[in-house]
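The values are calculated or read from the model by the stated rules, or taken from the named source; none is laboratory data. Bear in mind that the values here come from a model prediction, so they are computed numbers and not experimental data. Here the Cβ positions follow ideal geometry from the backbone for every residue, glycine too, while neighbour counts run over all protein chains shown. Note: areas computed on protein heavy atoms with side chains; ligands, DNA, RNA excluded. Shrake-Rupley method; radii C 1.70, N 1.55, O 1.52, S 1.80 Å.
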Amino acid sequence: MMKGRRGYAEAETRKIQPEVDVKERLDSIVAALRTDEKTATWGEVFSREWRKPLMIAAGLAIFQQITGINAIIYYANQIFASAGFVTEASRATVTTWAIGGVNVLATLIAIAFIDNVGRRKLLLAGLVGMGASLAVVGAAFQIITSTGHAAGSTGPSAAGLVTVAALIVFISSFAFSLGPVVWTVINEVFPARIRGRGVAIATAINWGSAYLVSQFFLSLVQAIGSTFTFWLLTFFCVAGWIWIYFAVPETKQKSLEQIQLLWDDKAPDIQTPRPVA
């Protein structure tokens with residue numbers, strides 16, 4: 001529609017949304033494009049009008065990182081060494097399959113269900129799995145520390161194997177929720193005229209959070225121990241679940257034009273999905 005190819009837009013709309021009134025749908029896009037012709041200034045991006053989507057995007061970007069995903073990926077070798085995987089080969093194998101392979105496969109869950117189950121449900125379900133698995137990892141390290149079974153041992157203990165299993169649950173839970181879904185929602189909540197700058201802000205916040213977590217993860221482990229470090233990450237998962245439950249609207253089956261209405265104080269309850277047509 002931005003390129004004036006209405007005929008193609010009509011054909012594609014009938015394919016992907018056969019239940020909608022195509023003319024009404026495309027007319028709404030035309031109206032939105034007219035409103036969004038001029039790119040917003042930085043001042044407009046931070047204005048009160050777009051405060052809600054900006055806060056949602058920033059919050060999702062932060063919680064994606066402070067729940068520990070990149071710290072675990074960056075320091076997987078050290079974590080598995082502490083769990084009793086003493087050889088480089090054993091650590092490389094468990095890192096490749098428990099983190100890399102599971103991450104790829106579990107992402108397919110989000111691809112398959114994001115439009116049917118919804119963004120909020122995937123985010124909330126993923127945080128439950130992430131929080132529970134991190135709590136188990138913390139408990140496993142408590143056992144490892146109390147029994148003295150660590151990197152100098154002959155191999156992973158039962159607690160070490162539990163650590164691997166729990167981290168597999170953590171990675172898979174992240175991969176179908178906070179991994180891909182966060183970026184879907186961030187790109188949906190902004191109107192076209194501020195989307196570029198809004199997403200840029202969220203991306204900068206995301207990488208800033210990733211830097212802080214990776215920078216201080218090992219320092220936290222040294223200061224308070226592995227057990228309490230993982231329990232701290234569990235707390236962030238709980239906080240993220242509560243925040244998403246109360247602050248993040250469901251955007252499935254909504255057009256971008258309908259999503260913009262969510263930030264209007266006169267719009268219906270943002271938790272109630274509105275029909276596409």
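Among the residues of segment 47-60, just one is more than 23 Å from Ala210 (Cα to Cα) and either of a type in the set (Phe, Trp, Tyr) or under 16 Å from the mean Cα position of the chain (by Cα) (or both), namely Trp50. Scanning segment 162-213 for residues that are over 23 Å from Leu33 (Cβ atoms), in contact (Cβ under 8 Å) with a residue 12 or more places away in the chain, open to solvent by 20 Å² or more (accessible area, probe 1.4 Å) and not hydrophobic (A, V, I, L, M, F, W, C) yields Ser172, Pro180, Thr203. Of all residues in segment 221-233, exactly one satisfies the criterion of being under 23 Å from the mean Cα position of the chain (by Cα), modelled with pLDDT under 95 and not aromatic (Phe, Trp, Tyr), namely Thr229. Within segment 146-155, the presence of a residue that is crowded, with 19+ Cβ neighbours inside 10 Å and assigned to a helix (DSSP H, G or I) is excluded. Filtering segment 123-145 to residues that are open to solvent by 60 Å² or more (accessible area, probe 1.4 Å) and modelled with pLDDT of 90 or more leaves Val128, Val136. Given the structure, is Gly131 more than 20 Å from Leu220 (Cβ to Cβ), out of contact with any His (no Cβ under 7 Å at 6 or more places or on another chain) and part of a helix (DSSP H, G or I)? Taking the combined requirement at face value, the residue does not satisfy it. When segment 87-103 is filtered for residues that are open to solvent by 30 Å² or more (accessible area, probe 1.4 Å) and not aliphatic (A, V, I, L, M), the ones remaining, listed by number, are Thr87, Glu88, Ser90, Arg91, Thr93, Thr95, Thr96, Trp97, Gly100, Asn103. Pairing each residue of segment 1-23 that is more than 17 Å from Glu257 (Cα to Cα) with any residue that is open to solvent by less than 100 Å² (accessible area, probe 1.4 Å) and assigned to a loop (DSSP other than H, G, I, E, B), provided the two are 6+ apart or on different chains, yields C-beta distances under 7 Å for Glu19/Ala277.
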